[in-house]
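Engineer: Okay, here's the structure, questions in a sec.
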Amino acid sequence: MNKKIILILTLGIFLLSVASSIGEISYCCEKNIDGAWCMNEPEGRCDTSINPATGQNYRSLPTSCEATFYCSLGCCYNSQEGRCWENTPQAVCEEKGGTYSRESAECEIPQCENGCCIIGDQAAFVTQTRCKRLTALYDLEINFRKDISSEIQCIASATSEEKGACVFDKEFERTCRILTQRECKELEGSSEETNIEFHQGYLCSAEELGTNCGPSKKTTCVENRDEVFYLDSCGNLANIYDATKLNDKQYWTKIIPKSESCGPGFSNADNPSCGNCNYHTLTDGGSMCKTYDKSKDTKPKIGNNICRDLGCKYEGEDYEHGETWCVSNSRKGDTLPGSEYFRLVCYNGEVTVEPCAAFRQEVCIQSAIVDPKTGNEFKTAACGANLWKDCIAQEEEKDCLNVDKRDCQWIKNGEKDEEGNNIYVCVPNFAPGFDFYAEETSAEETCALANTECVAKFERKFWDELTKKGKWRCVENCHCCINDEEHEGCTGNGWENYKENVCQALGDCGAKANYVGSKGYNDDEYPITCNGGDCYWVE
């Protein structure tokens, strides 16, 4: 009887499983009830209303959308707008009112071949049909170039902002101005200028243009530009100042780019012959066009402008424009009481000081970028948080030296364990300062963490009552004493120094001078701890 019940229950579970599986059949909905196209959904989520584009019901089939004809990907082309959409399902294409093609899902068909459409002073990389549509909107003649095969080339061909020589007649003279193509064209509406011509990339001093403008020995600085430029005899901007090119007709004919001018890639600071200034270069600092100042600059060979060095001099050292570096107000650079970190910046020939957070709650970190060509270093610095607060709580070296979480160091504390191994302690890598102005401060509590006292015990080995001289042998805590004429058996080797290192690493603790060299009130000559203690001799 029990076996039959088990069989019936098993069969029931199997039938439920089959029924459940049948209910999970997925359909490809041409459109689902949420309005999304070509989705694999349960049949009940498929939209079965009329598709206005076809006049038929939206379709659905019990298969994946990749296997259906109406959701297979192809190219959708709109012949009226001249637009193409790649990898588009047929259903979506019909909704857009386009023509669907399975020939190439990437739209590699003649109707979708792009070219460059010039529209006034703009350009667009579109199909020829689209170009006709766009130019019609602005009542312009179509200018479609099939020879341009990329969007980058197309955009670059819109040269309305490219500069050149705008040549025109004015007051019975053939003269010229350096303008953009658009600006030159705008002169056509003026009654003063006639016979206007634009020569892209040319200077007004070009002989073949036949203007009244020619070379000159004048130079100038231009707002928002680094370089020193020549001026032609009409006052137009010419090429970058190069003393060797003054009488070079070719140099006064066409616009020469910065990269092809004298000293490319360098600052050319104080160069009397070259005006190719650079505001910042990793190679040799920075420079900028400035009016010649005999107290600061080298005299230029031509004109009255020079690439002035933007570097700085600080405490006898030279720094490049843009360099940053770290300093401390401590005379020795140590973390002494009252000392703080500062970030210094060289900018436009001036050094500015940016203090890090007070009481060494921030430290200044400095690094350098090395120019692979010259080997010159470019210093960079920044103030960052001093993560010191939980150093003393770390008991493992790996935790202490985890630089992602804290700024600590793992040092000897002067003690040894039972096996004779040195004992280490975790202390701040950058000793913090204390807010000694505040009524409540953690200074005493923090420094007390390093308080220690060591009592070395000795037994009499030899003693002369007459001379009151003799020897004592250390029998206890011998690690914290040092042998002398009267004592032996001491094994101390800088124990007090280890203790003092721990003490001073915790902050402004211990007996030491402050950042200007003034000594504190606790200036014992004995080996000291954070609490001013010393070793005691006990007979």
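Engineer: Here is a list: S190, S160, S149. Which entry is in contact with a Lys or Arg (Cβ under 7 Å, 6 or more places away or on another chain) and modelled with pLDDT under 85? Working first, answer last.
Structural biologist: On the way: S190 fails: in contact with a Lys or Arg (Cβ under 7 Å, 6 or more places away or on another chain); S149 fails: in contact with a Lys or Arg (Cβ under 7 Å, 6 or more places away or on another chain).
That would be S160, the only listed residue that is in contact with a Lys or Arg (Cβ under 7 Å, 6 or more places away or on another chain) and modelled with pLDDT under 85.
Engineer: Scan region 190-208 residue by residue and report those that are surrounded by fewer than 19 Cβ atoms within 10 Å (Cβ to Cβ) and either assigned to a strand (DSSP E or B) or in contact (Cβ under 8 Å) with a residue 40 or more places away in the chain (or both).
Structural biologist: T194, N195, I196, E197, H199, Q200, G201, E207, E208
Engineer: Quick one: which of I411, I392, I423, I369 is touching a Cys at 6+ places or on another chain (Cβ under 7 Å) and among the β-branched types (V, I, T)?
Structural biologist: Step by step, each of I411, I392, I423, I369 is checked, and only I392 is touching a Cys at 6+ places or on another chain (Cβ under 7 Å) and among the β-branched types (V, I, T).
Engineer: Filter region 136-155 for residues that are surrounded by 15 or more Cβ atoms within 10 Å (Cβ to Cβ) and either within 41 Å of the chain's Cα centre (by Cα) or closer than 22 Å to E183 by Cα (or both) and give the result. Steps first, answer last, please.
Structural biologist: Here is the first cut: in region 136-155, the residues surrounded by 15 or more Cβ atoms within 10 Å (Cβ to Cβ) are 144-145, 148, 154.
If the condition is that a residue be surrounded by 15 or more Cβ atoms within 10 Å (Cβ to Cβ) and either within 41 Å of the chain's Cα centre (by Cα) or closer than 22 Å to E183 by Cα (or both), then R145, I148, C154 are the ones that fit.
Engineer: Ok, one more. For Y341, indicate whether it is closer than 30 Å to F434 by Cα and aromatic (F, W, Y).
Structural biologist: Spelling it out, Y341 is indeed closer than 30 Å to F434 by Cα and aromatic (F, W, Y).
Engineer: Could you tell me whether any residue of region 95-117 is free of Cβ contacts under 8 Å to residues at least 40 places away in the same chain, closer than 24 Å to E162 by Cα and not small (G, A, S)? Can you show your working first?
Structural biologist: To start, the set of residues in region 95-117 that are free of Cβ contacts under 8 Å to residues at least 40 places away in the same chain comprises 96, 98-115, 117.
Filter again for closer than 24 Å to E162 by Cα, leaving 115, 117.
From the residues that got through so far, the ones that are not small (G, A, S) too are 117.
Checked against the condition, which is being free of Cβ contacts under 8 Å to residues at least 40 places away in the same chain, closer than 24 Å to E162 by Cα and not small (G, A, S), region 95-117 yields at least one hit.
Engineer: Test V126 against the stated conditions and say whether it is among the aliphatic types (A, V, I, L, M), in contact (Cβ under 8 Å) with a residue 24 or more places away in the chain and in a helix (DSSP H, G or I).
Structural biologist: No, not satisfied.
Engineer: Filter region 403-430 for residues that are β-branched (V, I, T) and exposed (fewer than 12 other Cβ atoms within 10 Å of the Cβ) and give the result.
Structural biologist: If the condition is that a residue be β-branched (V, I, T) and exposed (fewer than 12 other Cβ atoms within 10 Å of the Cβ), then V403, I423 are the ones that fit.
Engineer: Further question: Identify the residue in region 273-302 that is crowded, with 21+ Cβ neighbours inside 10 Å and outside any strand (DSSP E or B) and, among all such residues, is farthest from the chain's Cα centre (by Cα).
Structural biologist: Checking each candidate, the answer is P300.
Engineer: Still on this structure, please answer the following. Looking only at region 303-339, which residues are more than 27 Å from the chain's Cα centre (by Cα), crowded, with 20+ Cβ neighbours inside 10 Å and either under 27 Å from F430 (Cβ atoms) or assigned by TED's automatic domain parsing to the domain that holds C356 (or both)?
Structural biologist: T335, L336, P337, S339
Engineer: Report, by residue number, each residue of region 218-270 that is part of a loop (DSSP other than H, G, I, E, B), of a type in the set (S, T, Y) and at pLDDT 95 or above.
Structural biologist: Of everything in region 218-270, those that are part of a loop (DSSP other than H, G, I, E, B), of a type in the set (S, T, Y) and at pLDDT 95 or above turn out to be S233, Y241, T253, S261.
Engineer: Please note which strands (runs of 3 or more DSSP E) are completely contained in region 319-426 and include at least 1 residues that are polar (S, T, N, Q) and closer than 18 Å to L506 by Cβ.
Structural biologist: Where strands (runs of 3 or more DSSP E) fall fully within region 319-426 and carry at least 1 residues being polar (S, T, N, Q) and closer than 18 Å to L506 by Cβ, they are 408-416.
Engineer: Looking at region 282-304, is at least one residue in contact (Cβ under 8 Å) with a residue 12 or more places away in the chain, under 15 Å from N348 (Cα atoms) and among the hydroxyl-bearing types (S, T, Y)?
Structural biologist: Within region 282-304 (the criterion being in contact (Cβ under 8 Å) with a residue 12 or more places away in the chain, under 15 Å from N348 (Cα atoms) and among the hydroxyl-bearing types (S, T, Y)), the answer is yes, since at least one residue qualifies.
The values are calculated or read from the model by the stated rules, or taken from the named source; none is laboratory data. Small disclaimer: the values here were computed from a predicted structure and weren't measured. Please note: Cβ atoms are built from the backbone with ideal geometry, for glycine as well, and neighbour counts cover all protein chains shown.
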